[in-house]
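Asks: Please see the structure below; I have some questions.
The values are calculated or read from the model by the stated rules, or taken from the named source; none is laboratory data. Just so it is clear, the model here is predicted, and its values are computed rather than measured. Neighbour counts run over all protein chains shown; Cβ positions are idealised from the backbone, glycine included. Note: areas computed on protein heavy atoms with side chains; ligands, DNA, RNA excluded. Shrake-Rupley method; radii C 1.70, N 1.55, O 1.52, S 1.80 Å.
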Amino acid sequence: MATKLSTWFLSDGGGLVGLECSKLQKNLRFIVPTHGLLPASCKMRHRNMSSQLRRPQVKEAFPEQPSTNSGPQLNGDENAETQISLPCSAPSLKHEIVSNDVVTTLDVDHTQYSVAKSLDSSMDVEHVQQIGESPLESLANQKVAINVGGGELAANFQLGDLIGMIKKAEKNIFLVNEARVHALEDLGRILNEKEALQGEINVLQTRLAETDARLKLAAQEKIHVELLEDQLEKLRDELTHKASAHRSLLDNFENPGKLLNEESPLLQDSNLHFLSEELSSLKAENISLKNDIEALKAELSNVKNTDERVITLEKERLLPESSLKDLEFKLSASQEEVSKLSSLKVECKDLREKVENLQALLNKANKQADQALLVLQRNEVLQKKVDKLEQSLEEANEHKLSSEKFQQYSELMQQKINLLEEHLQRSDEEIQSYVQLYQESVEEFQETLNSLKEQSKERAFNEPIDDMPWEFWSRILLIIDGWLLEKKISISDAKLLREMAWKKDGRIRDAYMGCREMSELEAISTFLKLTSSPISHGLYIIHVAAEMAPVAKVGGLGDVVTGLGKALQKKGHLVEIILPKYDCMHYDCIPDLRALDVPVESYFDGKLYKNKIWVGTTEGLPVYFIEPHHPDKFFWRRQFYGEHDDFRRFSFFSRAALELLLQSGKRPDIIHCHEWQTAFVAPLYWDIYAPKGLNSARICFTCHNFEYQGTAPTSELASCGLDIHQLHRSDRMQDNMTHDRVNPVKGAVVFSNIVTTVSPTYAQEVRTAEGGRGLHSTLNLYSKKFMGILNGIDTDAWNPATDIFLKVQYTANDIQGKAENKMATRKDLGLSTSDVRQPLVGCISRLVPQKGVHLIRHAIYRTLELGGQFVLLGSSPVDHIQREFEGIANHFLGHDHIRLILKFDESLSHSIFAASDMFIIPSIFEPCGLTQMIAMRYGSIPIARRTGGLNDSVFDVDDDNIPMQFQNGFTFLSPDEQGLNGALDRAFNYYRNDSEGWQQLVQKDMSIDFSWEDSASRYEELYSKSAARARAAASRS
């Protein structure tokens, strides 16, 4: 933007003022504000004139060389003729814009004028002197010479011309003053508008602050508001620059003494033009600012509308919440009505039977009443006849004296009347007996009805309520135990309330539903009112384990603890679980996890350590989680097992679990511990805690795999408080193979009342030197209390009819969905789908020697030779095995028929079970195994080695010694490639040559019941016998 530099000078005493720009064509650079005016700095000088007036002459001279004088100089005295040098210029400006300032390059081109007066001496003006009171008169007698640079241009003026010129200059000055006044007024208005705008900006800032506070919930609007604030800040900066420019302009206008008294018309016109342009520019910018403010107002209006929309949405969100609360209230009311309906249904059924019996009695009584009515009607007829006879008799009596014949007739009639009266009396008696019988029937009906009502009330108190899930009852049990540990209720009251909860007593359900809005003290008071009623007893079973599915699962142990606990719970027993509180648990599976206020102290290494107790429900079971406050942070290792101090970790946990039972006043019937990690419970219970009063329970120990026995140096046993001198003996806990070590599994076998393993065949195998891993002699010694019970599977989690991981759900009656899942899994894994009938062999396993990894590897190549497809899902903790299978996976990378996925994927495992036609389980030894059961549940035919639990669940289709209804797979005995080949070849031949028979085999396998029902019944029988012996022993003592 180009701006002209205008300079004007006004005389403050009527004298001449000279402006000299010292150098011609000199480039000057100024740093000035964006819209400011460039101030001019010149020297003004005055010179006294001679009293003699001479006619001035004007001459024009155009010098060839510009002057290099740096400033004007004045020479001479006051009486001499005076020469005034007034170099003046009309400069032009060029601007260069840098940041918020303007770098201005000024090129000065001089058009020089010289007004000279013939003087005897020549002077350069050095400073300004005040001249006489009448400058016009002195000027009339003088000549003025204007010397520019080194050249001289002289012009002589007549006095009248000079006076006219001065008047014209004064007129121009007047115009300039008027323009200055108007400019000042415009500037005032601009400042006022600026202040108004600043007020509006302040208001907008306040609104923006309020809007920013309200829009914290609307994150997407925040960025927009920040942009508006940036724009506002830019406007402020612009206003600040404007204000500085305005102040500069005002300074120029408010110092009129600095301006020239005389200026050329051309210079004055340029000044006026510059002022008008500057004012127009300011007005345009003012209008722009107004437009920006209006835009900001519009944006703020939009923000306000957004606020209103947010408030409206918040109100709309509150409406569903209130509706949801109403629905929850109605749901609770409906649940209460459903519970009442369930009890009324049972009562109605019994009443219906009783009413039917009473109806039969009532029908019989009605028949008798009908007969009585008929007799009554006959009696009425007879009564009428009697009345007629009496009337006739009276008439006869009137004529008695008249005739003997009539007398005889009267006697005859009297006899008939007597007979009729006797008959009527007998009828009355019969009617009376019928009426009495009817009354007795009604009384019997009423008594029966009353007894039915009383029985219904008793059933309401005694019979379990099945309309609430187990999570509900487990939550009540945890609340009761929390009150007990916090010393808010007594041990006896807690025991009675627990029994009511595990028996699903309707009264405690009603009390809990009614106490939800009460304080804790009111709820406790309500619950304690229920303790006066008698409660029927059941088994109280506590599992102490290191795993539980799905919260903390590594292998099959977690599935057993959860599956067995749920099955026993369904049979009406109270089941609770105690687990370590690992840092790597799946906390999302415990939605109601909470900590109890009272810690439990337990002994370890000669000290008492506090344990924080957490409670929550998992799979409907109440679970206690123990968090030790030990400096070694036993269960904050980011893994469940595999630590160097596992012996210390789990011996600490076992003692803390028993301490929890003792301090909470629990009196379980059975304490069931699993694997070597909790085998310490058995010796701790009998050596330490039974003498302290925790003596109601019997100990059941289950070893799921005798490969892992947890042996350790004998000194380690003393940490949990056990006496190593008493226990490090061959008949107690001394390891049978390494005599300087202790064996927790052996100690559990010795000290437990019941010892089990996970399948009957495995129980026989571990009693041999090869299978017992050193414990065969101890197991044979205690064989009377040792047995094997086959595990089950969770048929709710593994159900192809409801499995959410499958593309298509299917059942044994409709297996078309299995073919669709096979096609979908093939596509997902990138296998060939050209042959629908091509058999697919699946394998899901940990790749460890126990599982027969060399046979799994051979099965991959053998399946490919037989024209099938093979899918493996699993990984190995053994490095060289993992690397070996990674090499195989890379070899078959992108292959049409082989796929190896060397990791564990829960959803993919479900898909592989559903897609596979056959499933291979070539274990070297297998205590139980759940894979074969799940495979058959999904219609995949197992190919398994006859060992352990596999031998108890998979029966060969070609074995004639096995009944047809039990044949369900293909088995082999020899753990080598030839044995596997024989079974795999037979399976492929059966699949290809007898499709109908294969389909029937699939349907039969899917119909086999592998649930926990039968296994739980076996455990229930063992528990009951052991608990009964314990009660008998207690009664004798």
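Asks: In this structure, does residue 603 turn out to be hydroxyl-bearing (Ser, Thr, Tyr) and under 31 Å from the mean Cα position of the chain (by Cα)?
Replies: no
Asks: Would you say residue 650 is open to solvent by less than 10 Å² (accessible area, probe 1.4 Å) and part of a loop (DSSP other than H, G, I, E, B)?
Replies: no
Asks: Kindly provide the set of residues from region 726-753 that are farther than 16 Å from residue 716 by Cα and open to solvent by 10 Å² or more (accessible area, probe 1.4 Å), ordered by number.
Replies: Answer for region 726-753, where residues must be farther than 16 Å from residue 716 by Cα and open to solvent by 10 Å² or more (accessible area, probe 1.4 Å): 730, 731, 736, 737, 750, 751, 753.
Asks: If we scan region 628-646, do we find a residue that is modelled with pLDDT of 95 or more, of a type in the set (Ser, Thr, Tyr) and surrounded by fewer than 24 Cβ atoms within 10 Å (Cβ to Cβ)?
Replies: Checked against the condition, which is being modelled with pLDDT of 95 or more, of a type in the set (Ser, Thr, Tyr) and surrounded by fewer than 24 Cβ atoms within 10 Å (Cβ to Cβ), region 628-646 yields no hits at all.
Asks: Consider only pairs whose beta carbons are under 8 Å apart and that are at least six residues apart or on different chains; among these, list those whose first residue lies in region 609-634 and is not assigned by the TED database to the domain that holds residue 590 and whose second residue is buried (at least 16 other Cβ atoms within 10 Å of the Cβ) and outside any strand (DSSP E or B).
Replies: Here the result reads none, with nothing in region 609-634 linked to a residue that is buried (at least 16 other Cβ atoms within 10 Å of the Cβ) and outside any strand (DSSP E or B).
Asks: Evaluate the following for residue 400: is it open to solvent by 50 Å² or more (accessible area, probe 1.4 Å) and either of a type in the set (S, T, N, Q) or modelled with pLDDT of 80 or more (or both)? Explain how you work it out, then say what you get.
Replies: Working: open to solvent by 50 Å² or more (accessible area, probe 1.4 Å): yes; either of a type in the set (S, T, N, Q) or modelled with pLDDT of 80 or more (or both): no.
So residue 400 fails the test.
Asks: Hey, another quick one. Mind listing whichever residues of region 921-940 are under 25 Å from residue 773 (Cα atoms), among the aliphatic types (A, V, I, L, M) and touching a strand residue (DSSP E or B) at 6+ places or on another chain (Cβ under 9 Å)?
Replies: 921, 924 - these are the residues of region 921-940 that are under 25 Å from residue 773 (Cα atoms), among the aliphatic types (A, V, I, L, M) and touching a strand residue (DSSP E or B) at 6+ places or on another chain (Cβ under 9 Å).
Asks: Looking at region 659-670, is at least one residue out of contact with any Leu (no Cβ under 9 Å at 6 or more places or on another chain) and open to solvent by less than 10 Å² (accessible area, probe 1.4 Å)?
Replies: Checked region 659-670: no residue is out of contact with any Leu (no Cβ under 9 Å at 6 or more places or on another chain) and open to solvent by less than 10 Å² (accessible area, probe 1.4 Å).
Asks: For region 678-713, how many residues are open to solvent by less than 20 Å² (accessible area, probe 1.4 Å) and assigned to a helix (DSSP H, G or I)?
Replies: 7
Asks: Within region 572-595, work out how many residues are surrounded by 15 or more Cβ atoms within 10 Å (Cβ to Cβ) and either more than 15 Å from residue 614 (Cβ to Cβ) or aromatic (Phe, Trp, Tyr) (or both).
Replies: 4
Asks: Please verify whether residue 745 is touching a residue at least 40 places away in the same chain (Cβ under 8 Å), part of a strand (DSSP E or B), among the aliphatic types (A, V, I, L, M) and not assigned by the TED database to the domain that holds residue 945, treating the condition exactly as stated.
Replies: no
Asks: Follow-up. Of the residues that sit in region 887-913 and are surrounded by fewer than 22 Cβ atoms within 10 Å (Cβ to Cβ) and aromatic (Phe, Trp, Tyr), which one is nearest to residue 794 (Cα to Cα)?
Replies: It comes out as 904.
Asks: Please pick out the residue among 491, 480 that is surrounded by fewer than 16 Cβ atoms within 10 Å (Cβ to Cβ) and modelled with pLDDT of 75 or more.
Replies: Step by step, each of 491, 480 is checked, and only 491 is surrounded by fewer than 16 Cβ atoms within 10 Å (Cβ to Cβ) and modelled with pLDDT of 75 or more.
Asks: Which pairs turn up if I take residues in region 914-928 that are open to solvent by 10 Å² or more (accessible area, probe 1.4 Å) and look for partners that are among the hydroxyl-bearing types (Ser, Thr, Tyr) and in a loop (DSSP other than H, G, I, E, B) with beta carbon separation below 8 Å, at least 6 apart in sequence or on another chain?
Replies: Partner pairs satisfying both residue conditions: 917/940; 921/845; 924/947; 925/947; 926/947.
Asks: Restricting to region 473-486, name every residue that is over 17 Å from residue 612 (Cβ atoms) and of a type outside the set (A, V, I, L, M, F, W, C).
Replies: Across region 473-486, the qualifying residues are 474, 475.
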